[in-house]
Amino acid sequence: MDVRVTNVRKEFDRFPALHDVSLDIVSGELIALLGPSGSGKTTLLRLIAGLEVPTSGRVFFGNTDASEWSVQQRNIGFVFQHYALFRHMSILENVSFGLKVRPRSTRPPAGEIRRRALELLDLVQLSGLEKRYPNQLSGGQRQRVALARALAIEPAVLLLDEPFGALDAQVRRELRKWLREMHDRTGHTTVFVTHDQEEALELSDRLCVMSQGKIEQVGDPDTIYDTPGSPFVFGFIGESSQLPVTTAGGELRFDGQSIGLPADANAPANARLFFRPHDVDLVDSGPSLLGTVTASRRVGGTRRVELALDGGHHAEIDLPFDHAAIESSRIAFRPRRWQLFAAS
Ligand SMILES: Nc1ncnc2c1ncn2[C@@H]1O[C@H](COP(=O)(O)OP(=O)(O)O)[C@@H](O)[C@H]1O
Ligand SMILES: [Mg+2]
């Protein structure tokens, strides 16, 4: 099901949690809402579900204005971070619940409900555990039951709000891979909320990056990582350094000195230069940035070096872990890939 959010504003006691948010969710995609705590992710998800009413703006399901529809009419599957399963019900009863409570006219026969629930438990790889109770399962297993329960009603849209947030790192990584594989098999339109960029980049077809109740950028993971559309996105996704620069005579200057990078004619006179630690070359001669090593640490196969630059500025660059330059106290370097944003 396509879902279209248009110009939605949501206020809580006059406090705007969302400002003029518009988002097109494509049928069958897995889209992540990514942003820091308080950026409005849960509020947007609850508006799509029908658990909140927008202050202004509309929500469309397909071509139909669904703004006034209830949660049931929207046919939403929902999984929360702490989705309390029904403790007094077996796993099978939990998964069957959404179908059993349907009005008689749309309720499948008991045998069919049981068959479907067992099929879903097989899908989430919990076959054989249907007689257990929630307290007899691990946290990761419980969230898989919650997902099976959400899928049982054959939802038009599946909404997941930090579903793995309470689980430890190892289990999270496993469930992330598993969710992606399951999505590829079932093809439900899925909106996944997370504040974990690694999770969002690895899992989703597209990311919607949010900050302070606004959408900063929507795009596939490569686009978001390689061409961030704003200083916020550059700083929030991946590692980066930023330095204040000026543009004059077709080149960039840091602290008044040329650094050997060209500037477009239309580049802002005062700008911020953003680059990632691994997008840097060491320079033997000619104009460059110059930093004093203040610290270094091993990051996987490379060494991340912290540098102090003139004017109290800092930058981080990656070097091969055995690189001779680490022994020297001054390092001359130049970003190989970078982006400029107007100074605010
Ligand atoms: N029911 C509510 N009443 C008052 N303020 C709320 C309510 N729900 C959310 N907010 C506020 O709206 C903002 C966005 O919250 P939320 O959508 O939960 O962010 P996120 O999920 O990205 O952490 C926050 O400042 C939060 O305090
Ligand atoms: Mg939230």
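Each reported figure results from applying straightforward, stated rules to the coordinates on display, with no laboratory input. No experiment lies behind these values; they were computed from the predicted model shown. Counting neighbours? That spans all protein chains shown, and the Cβs are built from the backbone with ideal geometry, glycine included.
For the chain, what does the relative contact order come out to in percent, with C-alpha contacts under 8 Å and a separation of six or more? Kindly include the intermediate steps, with their values, before the conclusion.
Values: 694 pairs, mean separation 54.9, N = 344.
Once normalised by length, the contact order is 16 percent.
Listed values for region 241-248 are Karplus-derived 3J(HN,Hα) couplings in whole Hz (6.51 cos²θ - 1.76 cosθ + 1.60, θ = phi - 60°), namely 10, 9, 10, x, 9, 10, 10, 7, and x replaces Gly and Pro. Per-residue Karplus couplings for region 192-203, computed as 6.51 cos²θ - 1.76 cosθ + 1.60 with θ equal to phi - 60°, are listed in order as 10, 8, 8, 9, 9, 5, 4, 4, 5, 5, 7, 8 Hz, Gly and Pro entered as x.
Using the Cα gyration tensor of region 32-174, with a ≥ b ≥ c the square roots of its eigenvalues, what is the shape: rounded (a/c below 1.5), prolate (a/b larger than b/c) or oblate (neither)? Here region 32-174 falls in the oblate category.
Put in order of Cβ neighbour count within 10 Å, fewest first, the listed residues 336, 9, 185, 206 become 185, 336, 9, 206.
When a/c is below 1.5 the answer is rounded, else prolate if a/b is larger than b/c, else oblate, so apply that to region 190-344 with a ≥ b ≥ c taken from the square roots of the Cα gyration tensor eigenvalues. Write out the running numbers ahead of the final one.
Working: a/c = 2.37, a/b = 1.33, b/c = 1.78.
It comes out oblate by the Cα gyration axes.
Each principal axis of the Cα cloud of the chain was taken in turn, and the coordinate range along them, longest first, works out to 79, 46, 33 Å.
Counting only other residues whose beta carbon sits under 14 Å from that of residue 257, what net charge do I get with K and R as +1, D and E as -1?
Numbers: positive: 253, 334; negative: 251, 255, 310.
In short, -1.
With neighbours defined as other Cβ atoms within 10 Å of a residue's Cβ, the residues 210, 182, 89 order from fewest to most as 89, 182, 210. Here residue 41 is the anchor, and the lysines within straight C-alpha reach of less than 18 Å, apart from those fewer than 8 places off in the same chain, are 10, 214. On the beta carbon distance between residue 9 and residue 202, with R0 = 45 Å, the FRET formula returns roughly 0.90.
Using a Gaussian network model of the chain in which every pair of alpha carbons under 10 angstrom is joined by a spring, one finds that among 191, 71, 233 the greatest mean-square fluctuation is at 71. Between residue 296 and 306, the built amide H atoms are under 5 Å apart, and every one of these is 5 or more places off in sequence or on another chain. Between the beta carbons of residue 20 and residue 270, assuming R0 = 30 Å, the FRET efficiency works out to 0.60 to the nearest 0.05.
Backbone N atoms of region 262-304 closer than 14 Å to the 7 Å Cα→Cβ label point of residue 239 belong to residues 275-281, 294-304.
Suppose we take every Cα in region 154-241 and form the convex hull; what volume per residue is that in Å³? Show your work: numbers first, answer last.
Values: hull volume 10.1 nm³, N = 88.
About 115 Å³ per residue, rounded to a whole number.
For a quick check, take a GNM of the chain with Cα springs below 10 Å and name the residue from 35, 301, 62 with the largest mean-square fluctuation. So, out of 35, 301, 62, the one fluctuating most is 301.
The slack in the chain from residue 308 to residue 166, taken as 0.36 nm per residue of separation less the alpha-carbon distance, amounts to 47.4 nm.
Distances between placed amide hydrogens fall under 5 Å for residue 157 paired with 77, all partners being 5 or more residues away or on another chain. At full extension, residue 131 and residue 344 could sit 70.7 nm farther apart than now, given 0.36 nm per residue minus the alpha carbon distance.
Could you please rank 306, 316, placing first whichever residue has the fewest other Cβ atoms within 10 Å of its Cβ? Can you show the working numbers first?
Working: 306 17, 316 21.
With the sparsest Cβ surroundings first, the list reads 306, 316.
Phi-derived couplings, Karplus 6.51 cos²θ - 1.76 cosθ + 1.60 at θ = phi - 60°, listed residue by residue for region 275-283: 8, 9, x, 8, 9, 10, 10, 7, 10 Hz, with x used for Gly and Pro.
Report the calculated FRET efficiency for residue 223 and residue 185 (r = Cβ-Cβ distance, R0 = 25 Å), to the nearest 0.05. All intermediate terms of the calculation are to be shown ahead of the outcome.
Numbers: r = 26 Å, r/R0 = 1.03.
The calculated FRET efficiency here is 0.45.
Using C-alpha pairs below 8 Å separated by at least 6 residues, the relative contact order for region 73-229 is 25 percent. For the chain, modelled as a GNM with alpha-carbon contacts under 10 angstrom, which of 57, 291, 312 fluctuates the most? Comparing 57, 291, 312 in a Gaussian network model of the chain, the most mobile one is 312. State whether region 33-85 is rounded, prolate or oblate according to the following rule on the C-alpha gyration tensor (a ≥ b ≥ c being the square roots of its eigenvalues): a/c under 1.5 gives rounded; otherwise a/b larger than b/c gives prolate, and the remaining case gives oblate. Judged from the Cα gyration tensor, region 33-85 comes out oblate (a/c at least 1.5, b/c at or above a/b).
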